[in-house]
Amino acid sequence: MRSSLAAFFSARNHRALRTFLTATWLGWRQEASWASAPVFALYLILRPLSSVLILVVMYSVITDGALEQPIFAYIYLGNALYILVGQLVGGISMAVVEDREHYQMMKQIHTAPINGYAYMLGRGIAKLLLGVISALVITGVGMLFFPLPLHPAAFDWPLLITSMAVGLTGIAALGVIIGALNMVIPRHIGSIGDAVAAALFLFTGAIFPLDVLPTWMQSIGFALPITYWLEASRRALLGPDAARFPTLAHFDDLALLQVLALGALGFVVVSIVVYRWAVYRAKANDLIDMDTSY
Amino acid sequence: MNAEGRVYKATGIKLFWRMLLARAYPRFVSPIREKSWLFFETFLPLMATSAYVFVYKAVDAPPEFIGFVVIGGTMSAFWLNVLFGMAMQLYWDKEIGNLDAYILSPGPIMAILAGMALGGMVVAASRAVFVLVIASLAFQVTYTISSLPLLILVFLLTLLALYGMGMMFAAVYLAAGRDAWQINSLFQEPIYFISGFYFPVKTLGFWFAAAASIIPLTLGLDAMRQILFSGDPALGFLPVEVEILLLIVLSVVFLAVSQWALVTLERIGRRDGRIIERRR
């Protein structure tokens, strides 16, 4: 026991972990220090709450308020879960822009003895924490004010924890890929993360079943691990109440996790390669601290 | 400079007009010189619009609701332009040093705001047309226009009131610190919701819709939908004529308030020596 604790605390001193934790704290301070606590809380809640209310009203207008139907929980939870994707992908990719253009400290980051990959991940994790708070609030609102069939005692916790761990790892890797590309491109650095998040929102069936998409768009959805992460998370949260649509119904939980793990692993490998390439290119071409004014 | 050593700014319609065109010019030419903008600024609204269309398709909504989403998605190009191309612009200009040049120039800053608005309208219109055409074709939306002149009038009045509001925000953001970005972000999804970008605002109830009418897009979208999908007038919040009248009132109020806010904040900023201060 003592040796495992010692191993854990020595691991804290590992450069990558230390960098990750410091970057997470830095990111949190940057994100949370611009306003008083009540204003900040309002900021965390208002945007995601509005986006989910848009869907609630759209759904209610058409179905005459049939909120107990399984598809409502599918839409609602998909929207709440997708907050994490937007925050993680956008957070990591924009951290590069903020550090380089706004705080103008990119040169210091890349000359300090830290792990740059872990730093990028850490900056994104701070945004993810904000996303988690928003998603929990939205889900709580759903349980309180709408008939969402969510019962924590009935959650499939092993499936939920596994899908979250694997899925968010893959999504973070995607954020690193976009962040790395932001290091070497001079234009649209603020838009690429949003564009990818918007495209994934459409193709992964976050707020509607993939069945309603044209076949060629469904193929894109099937190729993305986020599709399987959303499905696995919904099943873990809703249990037997989860709406099963033909496109993913033939996947059992284990198969979903296997596909998700494979996709996440692919994203992680690609992110490491792209990150190393981007840092090399940025340093070689003197782009590491460029000011694009975008 | 006069005998008492006081400096007066040059004024006059000619100076105002030249300043306006000078500020609008970069916005006119930027889409031509930097074509890749077109992809990002049409791709994003198109993706969001499509997602909401598929939600309606998933619950078997009547076809006109898909048209409502397309119109909402089209007008979102203008709202995003007002938020990020108008409201935030003076703040960004301050951050990158352009505001110093504006302050030193002999022209009125109001002309700069008007130039930003004119250029922004033209650029956003090109994006909006793209989204409208692609989404209408892709989702086979059918429009039944009851009156084209009325539609054009509503559209122009909506833009006038909307960009007047953007000018007012731009003046207010001059005094903002690094919270400007986050505050501005708060005006995205919440406004999509309260203005009924993707559903008839009437469904939110009369008083909610009435309060939301302070945002010109609430009235503009509602009126345009009534004119474009004339099959069911019961979907409208207020009669189109009333909405036109209210849009005229909003235009006048926002333009007047933006002028007052800009003059006041510029005076306070000069007095305190903080108008071009970058706050990080």
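The values are calculated or read from the model by the stated rules, or taken from the named source; none is laboratory data. Fair warning: this is a prediction, and the values are worked out from it, not measured in the lab. For neighbour counting, all protein chains shown are included, and Cβ atoms are generated from backbone atoms with ideal geometry for every residue, glycine included.
Here are the numbers:
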item	result
Conditions (1) without any contact (Cβ under 8 Å) to a residue 60 or more places away in the chain; (2) buried (at least 24 other Cβ atoms within 10 Å of the Cβ): number failed by B:W92	(2)
Members of segment A:250-294 found to be outside any helix (DSSP H, G or I), more than 26 Å from A:M94 (Cα to Cα) and among the charged types (D, E, K, R), listed by number	A:D252
Some residue of segment B:55-65 being closer than 26 Å to B:L160 by Cβ, among the aromatic types (F, W, Y) and touching a residue at least 40 places away in the same chain (Cβ under 8 Å)	no
Residue satisfying condition, being over 30 Å from B:K94 (Cα atoms) and either at pLDDT below 85 or buried (at least 20 other Cβ atoms within 10 Å of the Cβ) (or both), within set B:L235, B:L250, B:L262	B:L235
Yes/no for B:F78 being within 21 Å of the chain's Cα centre (by Cα), facing chain A (nearest Cβ under 10 Å) and not polar (S, T, N, Q)	no
Hits in segment A:228-252 - residues which are away from chain B (no Cβ under 14 Å) and either touching a strand residue (DSSP E or B) at 6+ places or on another chain (Cβ under 6 Å) or at pLDDT 90 or above (or both)	A:Y228, A:W229, A:E231, A:A232, A:S233, A:R234, A:R235, A:A236, A:L237
Condition check for B:V122: hydrophobic (A, V, I, L, M, F, W, C), at the interface with chain A (Cβ under 10 Å from one of its Cβ atoms) and under 21 Å from the mean Cα position of the chain (by Cα)	no
For A:W25: the one exception among (1) facing chain B (nearest Cβ under 10 Å); (2) at pLDDT 80 or above	(1)
A:G91 modelled with pLDDT of 90 or more and either within 10 Å of chain B (Cβ to nearest Cβ) or at negative phi (or both)	no
Residue count, segment B:35-48 (criterion: among the aromatic types (F, W, Y) and more than 7 Å from every other protein chain (Cβ to nearest Cβ))	2
Elements of type helices (runs of 4 or more DSSP H) in segment A:182-249, at least 3 residues being out of contact with any Leu (no Cβ under 8 Å at 6 or more places or on another chain) and either on the phi > 0 side of the Ramachandran plot or touching a residue at least 12 places away in the same chain (Cβ under 8 Å) (or both)	A:192-203
Criterion violated by B:D93 - all others in (1) more than 11 Å from every other protein chain (Cβ to nearest Cβ); (2) under 30 Å from B:S195 (Cβ atoms) satisfied	(1)
Hey, A:L77 part of a helix (DSSP H, G or I) and crowded, with 22+ Cβ neighbours inside 10 Å or not	yes
Those residues of segment B:197-216 which are within 8 Å of chain A (Cβ to nearest Cβ) and not β-branched (V, I, T), in sequence order	B:F197, B:Y198, B:F199, B:P200, B:L204
Verdict on A:Y59 being part of a helix (DSSP H, G or I), more than 30 Å from B:D179 (Cβ to Cβ) and modelled with pLDDT of 85 or more	yes
Condition met for B:F84 (at pLDDT below 90, closer than 26 Å to B:L156 by Cβ and within 12 Å of chain A (Cβ to nearest Cβ))	yes
Residue satisfying condition, being within 14 Å of chain A (Cβ to nearest Cβ), among the hydrophobic types (A, V, I, L, M, F, W, C), outside any helix (DSSP H, G or I) and surrounded by 16 or more Cβ atoms within 10 Å (Cβ to Cβ), within set B:A51, B:A61, B:A135	B:A61
Top-ranked residue of segment B:138-156 - restricted to ones that are among the aliphatic types (A, V, I, L, M) and in a loop (DSSP other than H, G, I, E, B), ranked as surrounded by the most Cβ atoms within 10 Å (Cβ to Cβ)	B:V141
Unmet criterion (only one of (1) at pLDDT 85 or above; (2) closer than 27 Å to A:Y275 by Cβ; (3) not polar (S, T, N, Q)) for A:G190	(1)
Lone unmet requirement of (1) aliphatic (A, V, I, L, M); (2) over 30 Å from A:A282 (Cβ atoms); (3) over 13 Å from the mean Cα position of the chain (by Cα); (4) part of a helix (DSSP H, G or I) for A:L150	(4)
Which numbered condition A:A199 fails, given (1) buried (at least 19 other Cβ atoms within 10 Å of the Cβ); (2) more than 19 Å from A:R123 (Cα to Cα); (3) within 18 Å of the chain's Cα centre (by Cα)	(1)
Helices (runs of 4 or more DSSP H) wholly inside segment B:168-260 that include at least 2 residues being in contact with a Ser or Thr (Cβ under 6 Å, 6 or more places away or on another chain) and of a type outside the set (S, T, Y)	B:189-194, B:216-228
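A quick yes/no check of all residues on (1) among the aliphatic types (A, V, I, L, M); (2) within 13 Å of chain B (Cβ to nearest Cβ):
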| residue | (1), (2) |
| --- | --- |
| A:L128 | yes, no |
| A:T169 | no, no |
| A:I177 | yes, no |
| A:I185 | yes, yes |
| A:G190 | no, yes |
| A:D194 | no, yes |
| A:F201 | no, yes |
| A:T204 | no, yes |
| A:M217 | yes, yes |
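Each row is one residue, and each column tells you yes or no for (1) aliphatic (A, V, I, L, M); (2) within 9 Å of chain B (Cβ to nearest Cβ); (3) closer than 24 Å to A:E231 by Cβ; (4) out of contact with any His (no Cβ under 9 Å at 6 or more places or on another chain).
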| residue | (1), (2), (3), (4) |
| --- | --- |
| A:I45 | yes, no, no, yes |
| A:V56 | yes, no, yes, yes |
| A:I62 | yes, yes, yes, yes |
| A:G65 | no, no, no, yes |
| A:Q87 | no, no, yes, yes |
